[in-house]
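Here the structure is laid out as structure tokens; the discussion comes afterwards.
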């Protein structure tokens, strides 16, 4: 075998190894936090809430009158189904809730996804919301879509400066959140819309807004998961009752 042939065999062999390593690294880097059993159970229809798959993800429909809609973006690298326990609770309060599924489990890849959900029920007053990175994307959507009546941000802060906006906004945080960077949150305080309602849930951590287990860098919660979901849903529902009923 000539030395040139050996060279090219080694070269292409190394190239294949490098490509394989990059594929493995990308898969690991984009590996999402999976929804756990409680989340999967919350995706089932019962006497109070109808749950069905939709082109944009899932929709939770109350069995009674519908007061408004919430289109919700999941957190970064979190399976959207992980938010089903809280989405179900909000739907029980009389809201049509659209849980959005986005490419690579990153809301930044499909920032306009909420339009599909809103288009299914255009006569309803709609809010957009999201957790963590999903909350950032929700704020971007609200900024560029004046028809949105309210904004819900869980463990998130705006990317754009929304201080000139008058859109009703709920900024909900967990006391034990170890993921959100406090210095960046403080620096972003002036970017929230005017009159933003800021609330902190005692004992709740970053992952406690969903049902996907521990998250890297987070602090252990001191509130039970079900109690945390109840509190998140209750505070969100109270806010929506006020924000979406306003003329």
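The values are calculated or read from the model by the stated rules, or taken from the named source; none is laboratory data. As the structure is a computational prediction, the values presented were derived from the model and not from experiment. Ideal geometry is used to build each Cβ from the backbone, glycine not excepted, and the neighbour counts take in all protein chains shown.
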Kindly check whether there is at least one residue in the stretch 144-166 that is surrounded by fewer than 20 Cβ atoms within 10 Å (Cβ to Cβ), assigned to a strand (DSSP E or B) and in the same structural domain as residue 80 (by TED's automatic domain parsing). no
Could you tell me whether residue 197 is closer than 23 Å to residue 62 by Cβ and touching a strand residue (DSSP E or B) at 6+ places or on another chain (Cβ under 9 Å)? no
Give just the number: which of (1) under 28 Å from residue 184 (Cβ atoms); (2) part of a helix (DSSP H, G or I) does residue 99 not satisfy? (2)
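Look at the stretch 108-135 and say how many of its residues are part of a loop (DSSP other than H, G, I, E, B) and under 24 Å from residue 246 (Cα atoms).
Within the stretch 108-135, the subset part of a loop (DSSP other than H, G, I, E, B) is 111-113, 121-125, 132.
Next, from what is left, pick out any that are under 24 Å from residue 246 (Cα atoms): 121-125.
Residues in the stretch 108-135 being part of a loop (DSSP other than H, G, I, E, B) and under 24 Å from residue 246 (Cα atoms): 5 in total.
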